[in-house]
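The values are calculated or read from the model by the stated rules, or taken from the named source; none is laboratory data. As the structure is a prediction and not an experimental result, all values here were calculated from the model. Every residue, glycine among them, receives a Cβ derived from its backbone with ideal geometry; neighbour counts consider all protein chains shown. For accessibility, only protein heavy atoms count, side chains too; no ligands or nucleic acids. Shrake-Rupley method; radii C 1.70, N 1.55, O 1.52, S 1.80 Å.
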Amino acid sequence: MNILFFLNPKSETAYVYDHGTLRQVLETMEYHKYASIPMLNKEGEYVGTITEGDLLWGIKRYTNLNLKEAENIFIQDFPRKADYEAVSADSDMEDLIQKAMNQNFVPVVDDQNKFIGIITRKSIIEYCYEKLKNLPDSY
């Protein structure tokens, strides 16, 4: 099975840039109601994932933070606990499923490490569920 069947393309996926500000990231995550979001560099390469936890710990480092000050704090300066591992577009289902077991989504990159979209854990589970429903009852 080609994993691109499950791909939410970049054009339909919310993401942030590592040179974006804390305020921009907070507003993007709030608008999309995301707990974690892919982060790209200026070249469009996937560089990691920023999570609510990363933001909370980063904000803790800045005392007396207000929204105006958040415009001067760049997200690339925030330490990240753990980045979601990406898969290449030609990865197999086994690799995709292994990554999805520990991540809410799996970033997908092309052969030049350019971010092309994500595959959600939900879409993988839906696919597996449909396959299981169609198995003969003898299993």
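Structural remarks
- In this Cβ point-charge picture (+1 for Lys and Arg, -1 for Asp and Glu), the chain has a dipole of about 480 debye about its Cα centre.
- Each peptide in 89-95, 3-9 gets a packing score, the mean of other Cβ atoms within 10 Å over its residues, and the list from highest to lowest is 3-9, 89-95.
- Angle between the chain longest axis and helix 22-32 axis [Cα atoms, degrees, rounded to 10]: 40 degrees
- Accessible carbon and sulfur surface of the range 23-139 relative to its total accessible area, %, 1.4 Å: 50 percent
- Estimated at 0.36 nm per residue, the fully extended path between Lys33 and Glu12 surpasses their Cα-Cα distance by 6.1 nm.
- Charge context of Arg23, other residues only, Cβ under 13 angstrom, K/R +1, D/E -1: -3
- Using C-alpha pairs below 8 Å separated by at least 6 residues, the relative contact order for the range 1-51 is 31 percent.
- Pairs of Lys residues in the chain, spaced 8 or more positions apart or belonging to different chains, with C-alpha separations under 18 angstrom: 12 in total.
- Percentage relative contact order, the range 24-81, counting C-alpha pairs under 8 Å, at least six apart: 28 percent
- The phi torsions of the range 51-61, fed into the Karplus equation with coefficients 6.51, -1.76 and 1.60 and a -60° offset, translate into couplings of 10, 4, x, 4, 5, 4, 5, x, 5, 4, 5 Hz, rounded to whole numbers, with Gly and Pro shown as x.
- Protein heavy-atom accessible surface, 1.4 Å probe, per residue over the chain: 64 Å².
- Most mobile listed residue (Arg61, Arg23, Arg80) in the chain, GNM with C-alpha springs under 10 Å: Arg61
- Of Pro107, Pro38, Pro79, the one that fluctuates the most in a GNM where the chain has Cα springs shorter than 10 Å: Pro79
- Overall dimensions of the chain by Cα: Rg and Dmax, Å: 17.2, 63
- The label point for Tyr129 and the one for Asn41, both projected 7 Å from the Cα toward the Cβ, are 3.9 nm apart.
- The relative contact order of the chain, computed from alpha carbon pairs under 8 Å that lie at least 6 residues apart in sequence, is 29 percent.
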